[in-house]
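Taking it in order: structure first as structure tokens, then the write-up.
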Amino acid sequence: YYMPEVADAAPDDAEPLPKEAAPAAEPVMDAQTAAEWSSWLEAMLSQRAEEGRGATTKGSTVLRAEAPPFVPRGVACAAASLRMLVLCGLPGSGKSTLARKLHRKLGWKVVNQDTLGSRQACMKAARAALRAAGGRVVVDRCNADAAQRAIWVQLAMQEFRLGPSELGCVWLDVSDEECGQRVLRRFGHRTLPPREASLRVIRGFAKTWQAPSDYE
């Protein structure tokens, strides 16, 4: 699933950037559009696949083709079978925001490397989540190239025999400039404090970034 740039809502207690450091104004997604986008994603992940093309159960929500971002209905319905969702994107692109929403509203287990400290710890937590009956896990780390993403594919398919319809990837495609602005506006982050050194880290990821492909 390809998720184009979406601006995160800044926390209520976030301190504004100093005037001299404030970036030029750019169009961002307004609050209403962001809420509709979030609701659409939740519906996509929770709606059960129906038998027969266009079939729906009484009282179910029909996903609209014009809902942003566009995903064919067949793909959206199949997403209901997902058990592992691998997030990828630059630091500050919104991965943790999305992961928290999946946990809070749909009960997904979040595996976050900033919190757990290492990929090995993340893999251990992911295994524990998938062993649980009906367990679903969202992997919250940059996963910046095909080799890093392949680790999760192998874990899911080889160790737990998950099929292709049970494994998904979400790419939060946000520019390094926007990611940097977000990092400067957030406080208390474990690994990327609001300082120039963090911006260099983001630019380093951007230079070596490898976008996910259908082949993966």
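Quick notes on this structure:
- For the stretch 118-177, the solvent-accessible area with a 1.4 angstrom probe is 46 square angstrom per residue.
- Distance between modelled label sites at Arg190 and Glu177, nm, 7 Å Cα→Cβ extension: 3.2 nm
- Between Ser118 and Ser213, the distance separating the two model label sites (each 7 Å from Cα on the Cα→Cβ line) works out to 3.2 nm.
- Count Lys and Arg as plus one, Asp and Glu as minus one, and take only other residues whose Cβ is under 15 Å from that of Leu199; the net charge is then +3.
- The apolar share of the surface of the stretch 92-140, taken as the fraction of accessible area on carbon and sulfur atoms (1.4 Å probe, ligands and nucleic acids excluded), comes to 49 percent.
- A straight chain from Ala146 to Arg100 at 0.36 nm per residue would run longer than the Cα-Cα distance by 14.1 nm.
The values are calculated or read from the model by the stated rules, or taken from the named source; none is laboratory data. Just so it is clear, the model here is predicted, and its values are computed rather than measured. So basically every Cβ, Gly included, is an ideal-geometry build from the backbone, and we count neighbours across all protein chains shown. For the accessible areas, the whole protein counts, side chains as well, though only heavy atoms, and no ligand, DNA or RNA atoms are used. Shrake-Rupley method; radii C 1.70, N 1.55, O 1.52, S 1.80 Å.
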